[in-house]
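Heads up: the structure comes next, in structure tokens.
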Amino acid sequence: MASQDKNDLNPLDEEAPGQPISVPDSGDTGESGKLKMIVQLVKKCLGVKDIAAMRLSLPASLLEPIPNLEYWHYLDRPDLFAAINDSDDPFERMLAVLRFTFSKDLKFIRGKVCKPYNSVLGEHFRSHWDVIPVDYPSDPNEPPIQYLYVSPPAPEPAPSSSYFFSSAAMSAPDVIHPSLSSSASVKSGRSAKSGFSGLSFLSRGQSTTAKTTPTTSPQLVETNLEAGMSDLSLANDQASGAADLLEGDEAAADKPRIRIVYVTEQVSHHPPVSAYHAVCPSRHLELTGIDQISAKVSGTTLRVMPGSFNKGIFVRITGGDGAGELYHITHPVASVNGLLRGSFYVTVGDSTIITCSGGKDGKKLRAVIEYKEESWLGKAHFLLEGVIHEYDPTDTSHEEWTRVKHVPRDRVLAVFDGSWRGRIRWKRVDASDSEYATLLDISTLHVIPKNVRPLEKQHPNESRKLWENVTSRLLTKEYSEATKHKLAIEQKQRDDAAERKRKGIQFGPRYFEPDISTGIPKLTEEGRKAIEEELAEDTDCMLEDTAPTPQGERAELAEEAVQA
């Protein structure tokens, strides 16, 4: 990546080098035909340094009918995001951030791996969720009670010989815990009720205008085309129908709901980069960051890593007990396995680091999540372990602590372990009688659908509106027509880029400032207006106060975040 000039806030190029790489449509839309095309694609990608930066054109039959920007976000469980600032205890806020972190990519557990549409330059998407706030049990060690889109826990795996994360294990970090391996069933396939397929490794979708209450079964799928456009990528692996999803007791029906608003925009095409911003004003929370991935085929595995502009996820608390705190969540390395067998599944490696900065003076908290390496023989277990520890913000030694074994034992406050597809447990280490408790059971959680404005209210470059013709053809299995509309969109993007080059005009995002070098994008006036409009969207529910954070305070907190 070329160095950035101080006078050029957007060093991104509109044109990728080289000729576009395409995979011809085999004409066979069955599983065998798709597998042949995937094998051809893998062969073309062998030796390519970064697949994400390629000019790649795929036939529509290989695509999931969902726009990339709609799928690729981190609010699969917005109720857990909204709960981050509920406690006046910094340690409990870190636990809440951990729960959000483990739930943010729930879609990768709830469906099959597939490919969404590539976003075009200037494409944008916005939505909101109205969720019932979580409740807290009498035992403070237990996880919060959630009311929306939950199901009974998966059965515990059969007992086996195992070593649990204890003081002994602290000195033997390579110990794994087979008894905590994933018990959640991960299926692709189709529901007779839904008629759609599951997940994507590069995009996501679901949204309806239907409102869900604890006294009514959630309506996962609507019959109209607009609902179908986003429902396609959410196949529930444990629930064959909407009635299988539980929603708590009727008492929660009278609770005010919390609104979370999300806005994202594609700010670069080569390399593909998008900026995103989410707010929950009633709980004084903001989530922001830059999405860019780097991908490479290694053997029969596709390794996906954050790109150079992607600095991680930033959660900012703008008021309440945690006012001024900024949580920086780094991305691990993901792998899509089984490329040549056509049996795809995702594994996670490396580490995720969560660092709290800002807020009150004194020592701060930091968490290390270490994903255990999978054996190349046998079944994947999806195991992890981690610690929550203190660090001195005036010192930098903690920056080298990227594995559990790196953290000095006298700094550790708590430990946790489990499966990122199942149950994760935790315990304090500063009390001799401390016992393990459940931090989060992923097997009980399902993706909460979003609310999106109808097509007639959307802008021409808004994701659903932009891809409407492609989506409608894919839903009716008119693959040739879908490919024609897809190619027309791609050609218009090339024509627009050529016209800007001819006129000497540089592309400027609509909702975000051009400078994305810090990894923390800043909203433009149009971006703030979009959020305010989404906050004001009608609802049948009673909402908590959604007065936005004053702009001056937001700017001041953003500056502190950049310095941190």
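The values are calculated or read from the model by the stated rules, or taken from the named source; none is laboratory data. These numbers were taken from a predicted model, which means no experiment stands behind them. Cβ placement follows ideal geometry from the backbone for every residue including glycine, while neighbour counts extend to all protein chains displayed. The area values use the complete protein model at the heavy-atom level, side chains included, leaving out ligands, DNA and RNA. Shrake-Rupley method; radii C 1.70, N 1.55, O 1.52, S 1.80 Å.
Annotations
- Contacts under 9 angstrom Cβ, first residue in the stretch 425-436 being closer than 19 Å to R99 by Cα and in a loop (DSSP other than H, G, I, E, B), partner open to solvent by 50 Å² or more (accessible area, probe 1.4 Å) and of a type in the set (A, V, I, L, M, F, W, C), 6 or more apart: Y436/F164
- Among all positions in the stretch 242-263, there is at least one residue which is assigned to a strand (DSSP E or B) and modelled with pLDDT under 70.
- Residue within the stretch 504-513 that is part of a helix (DSSP H, G or I) and either at negative phi or surrounded by fewer than 17 Cβ atoms within 10 Å (Cβ to Cβ) (or both) present: no
- Given (1) assigned to a helix (DSSP H, G or I); (2) among the charged types (D, E, K, R); (3) surrounded by 14 or more Cβ atoms within 10 Å (Cβ to Cβ), index of the condition D495 fails: (3)
- Those residues of the stretch 73-91 which are of a type in the set (F, W, Y) and in contact with a helix residue (DSSP H, G or I) (Cβ under 7 Å, 6 or more places away or on another chain), in sequence order: F81
- Qualifying residue in the stretch 442-460 (condition: open to solvent by 10 Å² or more (accessible area, probe 1.4 Å), outside any loop (DSSP other than H, G, I, E, B), among the charged types (D, E, K, R) and touching a residue at least 40 places away in the same chain (Cβ under 8 Å)): no
- From the list R554, R528, the one residue that fits, being out of contact with any strand residue (DSSP E or B) (no Cβ under 6 Å at 6 or more places or on another chain), modelled with pLDDT of 95 or more and open to solvent by less than 70 Å² (accessible area, probe 1.4 Å), is R528.
- If the condition is being open to solvent by less than 70 Å² (accessible area, probe 1.4 Å), at negative phi and assigned to a loop (DSSP other than H, G, I, E, B), then the stretch 356-380 contributes K372, E374, A380.
- The set of residues in the stretch 429-438 that are farther than 27 Å from L106 by Cβ and surrounded by 15 or more Cβ atoms within 10 Å (Cβ to Cβ) contains only V429.
- Criterion: crowded, with 24+ Cβ neighbours inside 10 Å and over 30 Å from V267 (Cα atoms) - qualifying residue of Y136, Y149, Y117: Y149
- Of the candidates T330, T300, the single residue that is among the hydroxyl-bearing types (S, T, Y), at pLDDT 95 or above, open to solvent by 10 Å² or more (accessible area, probe 1.4 Å) and touching a Gly at 6+ places or on another chain (Cβ under 8 Å) is T330.
- Pick from the stretch 333-355, criterion among the polar types (S, T, N, Q) and open to solvent by 30 Å² or more (accessible area, probe 1.4 Å), ranking: modelled with the lowest pLDDT: S343
- Some residue of the stretch 429-452 being closer than 22 Å to T264 by Cβ, under 22 Å from the mean Cα position of the chain (by Cα) and of a type in the set (S, T, Y): no
- The listed residue being open to solvent by 60 Å² or more (accessible area, probe 1.4 Å), farther than 27 Å from I531 by Cα, in a helix (DSSP H, G or I) and basic (K, R), out of K477, K501: K501
- Qualifying residue in the stretch 412-425 (condition: open to solvent by 70 Å² or more (accessible area, probe 1.4 Å) and either modelled with pLDDT under 95 or more than 23 Å from R77 (Cβ to Cβ) (or both)): no
- Taken over the stretch 308-327, the criterion of being surrounded by fewer than 22 Cβ atoms within 10 Å (Cβ to Cβ) and not hydroxyl-bearing (S, T, Y) is satisfied by N310, K311, G312, G319, G320, D321, A323, G324.
- Within this structure, K465 passes the test of being in a helix (DSSP H, G or I) and without any contact (Cβ under 8 Å) to a residue 60 or more places away in the chain.
- Qualifying residues in the stretch 390-411 (those that are within 25 Å of the chain's Cα centre (by Cα) and of a type outside the set (D, E)) - the one least open to solvent (accessible area, probe 1.4 Å): V404
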